[in-house]
Amino acid sequence: MRKTVVINVVGLTKRLIGEHTPFIKSFLEKGRTSYIEPILPAVTCAVQSTYVTGKWPAEHGIVGNGWYFKDECEVKFWRQSNKLVQQPKLWDDLKEKHPNFTCANHFWWYNMYSNVDYSITPRPNYLADGRKIPDVYSYPAKLRDELQDALGTFPLFEFWGPKTTINSSKWIADAALLTDEKHNPDLTLIYLPHLDYNLQRFGLDFSIISKDLLEIDEVVKNLVNHYETLDARVILLSEYGITNVNRPIHLNRILRKEGYIAIREERGLELLDAGESDAFAVADHQIAHIYCKNPSSIEKLVKLLQSVEGVEKVLFGEDLKKYHIDHERCGDIVVVADKDSWFTYYFWLDDAKAPDYARMVDIHKKPGYDPVEMLTDPKDKFVMAKVVGKLLKKKLGFRTVMNIIPIDATLIKGSHGRLTEDKDDYPVFISNREQSVKENVIKAIQVRDLIEDHLLN
């Protein structure tokens, strides 16, 4: 079996590879490169699950970064159990055929309770006094302590939120190197999210993102040099391309005005009551899943959604089969934004009544994805002083709320999730094995077999 590493550089596209990524450019030029045809939805959890199973979302069940759990009447995002993926993964199949095969997974999603030999994933401690302490979950359990003893605590607040930096991706890369040096797995998966941050904040503005490109290029260089020294096969790939947007669409506000949304008021603030709503949208970047209580309302809803400015596709019935997303988790209707637009989860009509989590980094309470969590209010001149003060209170053991996130979706300038038209915005598959792939464009479901081929042939 040939040692192989798969480095997932989130958001990497041909459009971004050039003067600001000298190492990746050289790796591309001397290796073999293909475009990966985007899937719907082109979001992290769905794409990664497709890559490791070789199956469409309709088969593996990961229809987005989150969905409506009908039996619990709750919207849940960023779950972590590998049991949610309803198809065997690459490593499951390889372990059956090759009992000595070993695999390490560093931060690819659904990384808890999988059948890999070494895994590590973000998992903060939520203390009884309300504090959130950075930490990771690992298998075996001692791996967590070994890595954090060597590298320091995982920089959780630089992994997501307004304080994101290259440090989180660098920590993941360094953790992968340490795992490799100690355990030498046959297959290693590495997730590097750095480009996700400023590409969503600022779009394809090279005057800003050039620094991010140079930073991730250096991290990739260190990884590739390590693995190529060991004569390993190296795959660089990405999940989607991020493109410029300028129009947020508030589908839940539209549905609320039409009488579909049920709202609970608590302490003067509003909450979406999904279980009581006749219809609501679970927003996930440029995709939204519409869940209807009464199937007879679907036709009327379709007409309403088709009339919304910025909506490109309204998929239901047979349309869902065409795009390989016909799974019971998917909802009754899937709405796709046009290239200039994306969907918010916002359901309130008055910002004064927005739920407390709206102004916080809280990926688990929000009934949808919220990229605005990566920003602080640019109009608040004292926001950093507030942050410092709140952090000091937390360190002293006082309870405090980090309500520093703006409620202004117009701040977001980049998004993903739809099927991009230009190949320069497709995700990429780059390998140092010249005979790895012949096609100029491959399907996402081919990635699993290509990784296996790198290992076995």
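The values are calculated or read from the model by the stated rules, or taken from the named source; none is laboratory data. A quick note: this is a predicted structure, and the numbers were derived from the prediction, not measured. Every residue, glycine among them, receives a Cβ derived from its backbone with ideal geometry; neighbour counts consider all protein chains shown.
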Inset, instruction - For THR21, state whether it is within 19 Å of ARG79 (Cα to Cα) and crowded, with 22+ Cβ neighbours inside 10 Å. - result: no
Legend entry - Filter result for the condition that a residue is part of a strand (DSSP E or B), closer than 23 Å to PRO122 by Cα, β-branched (Val, Ile, Thr) and touching a helix residue (DSSP H, G or I) at 6+ places or on another chain (Cβ under 7 Å), over VAL75, VAL47: VAL75
Legend entry - Pair list, Cβ under 6 Å, 6 or more apart: region 131-147 residue farther than 30 Å from ASN403 by Cα, other residue among the small types (Gly, Ala, Ser) and modelled with pLDDT of 95 or more: TYR139/SER119; ARG144/SER138; LEU147/ALA175
Inset, instruction - Check region 354-362 and report whether any residue there is in contact (Cβ under 8 Å) with a residue 24 or more places away in the chain, part of a loop (DSSP other than H, G, I, E, B) and within 30 Å of GLU421 (Cα to Cα). - result: no
Inset, instruction - May I ask you to say which residue of TYR139, TYR126, TYR113 is touching a strand residue (DSSP E or B) at 6+ places or on another chain (Cβ under 7 Å) and over 27 Å from LEU177 (Cβ atoms)? - result: TYR126
Legend entry - Some residue of region 387-403 being part of a loop (DSSP other than H, G, I, E, B), closer than 30 Å to LYS221 by Cβ and at pLDDT 75 or above: no
Legend entry - Test: residue in region 203-215 that is more than 12 Å from VAL9 (Cα to Cα), surrounded by fewer than 23 Cβ atoms within 10 Å (Cβ to Cβ), hydrophobic (A, V, I, L, M, F, W, C) and touching a strand residue (DSSP E or B) at 6+ places or on another chain (Cβ under 7 Å): yes
Inset, instruction - Among what's in region 142-165 and is hydroxyl-bearing (Ser, Thr, Tyr) and surrounded by fewer than 16 Cβ atoms within 10 Å (Cβ to Cβ), pick the residue that is farthest from LYS182 (Cα to Cα). - result: THR165
Legend entry - Exclusive hit being hydroxyl-bearing (Ser, Thr, Tyr) and within 30 Å of ASP340 (Cα to Cα), set THR164, THR121, THR188, THR153: THR164
Inset, instruction - Determine if region 33-48 includes at least one residue that is over 22 Å from the mean Cα position of the chain (by Cα) and within 26 Å of ILE166 (Cα to Cα). - result: yes
Inset, instruction - Please verify whether region 299-312 includes one or more residues that are surrounded by 14 or more Cβ atoms within 10 Å (Cβ to Cβ) and part of a strand (DSSP E or B). - result: yes
Legend entry - Scope region 24-44; condition part of a loop (DSSP other than H, G, I, E, B), surrounded by fewer than 22 Cβ atoms within 10 Å (Cβ to Cβ) and of a type in the set (Val, Ile, Thr); matching residues: none
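Just to be sure I understand, how many residues within region 409-457 are assigned to a loop (DSSP other than H, G, I, E, B) and in contact with a strand residue (DSSP E or B) (Cβ under 9 Å, 6 or more places away or on another chain)?
19
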Legend entry - Pairs with Cβ under 9 Å, 6+ apart, first in region 73-89 and over 11 Å from TYR110 (Cα atoms) and among the acidic types (Asp, Glu), second surrounded by fewer than 15 Cβ atoms within 10 Å (Cβ to Cβ) and modelled with pLDDT of 95 or more: GLU74/GLY275
Legend entry - Meets criteria (touching a helix residue (DSSP H, G or I) at 6+ places or on another chain (Cβ under 7 Å), of a type in the set (Asp, Glu) and modelled with pLDDT of 95 or more) for GLU218: no
Inset, instruction - Could you tell me which numbered condition ARG131 fails, if it satisfies all but one of (1) surrounded by 14 or more Cβ atoms within 10 Å (Cβ to Cβ); (2) more than 20 Å from ASP180 (Cα to Cα); (3) under 21 Å from the mean Cα position of the chain (by Cα)? - result: (3)
Inset, instruction - Kindly list, by first and then second residue, each pair from a residue in region 333-350 that is at pLDDT 95 or above to a residue that is aromatic (Phe, Trp, Tyr), limited to pairs with Cβ atoms under 8 Å and residues at least 6 apart or on different chains. - result: ILE333/PHE316; VAL334/PHE316; VAL334/TYR323; VAL335/PHE343; ALA337/PHE343; TYR345/TYR369; PHE347/PHE280
Inset, instruction - Please indicate, with yes or no, whether at least one residue in region 148-169 is touching a residue at least 12 places away in the same chain (Cβ under 8 Å) and within 20 Å of LYS89 (Cβ to Cβ). - result: no
Inset, instruction - Please verify whether region 226-233 includes one or more residues that are under 30 Å from PHE27 (Cβ atoms) and among the hydroxyl-bearing types (Ser, Thr, Tyr). - result: yes
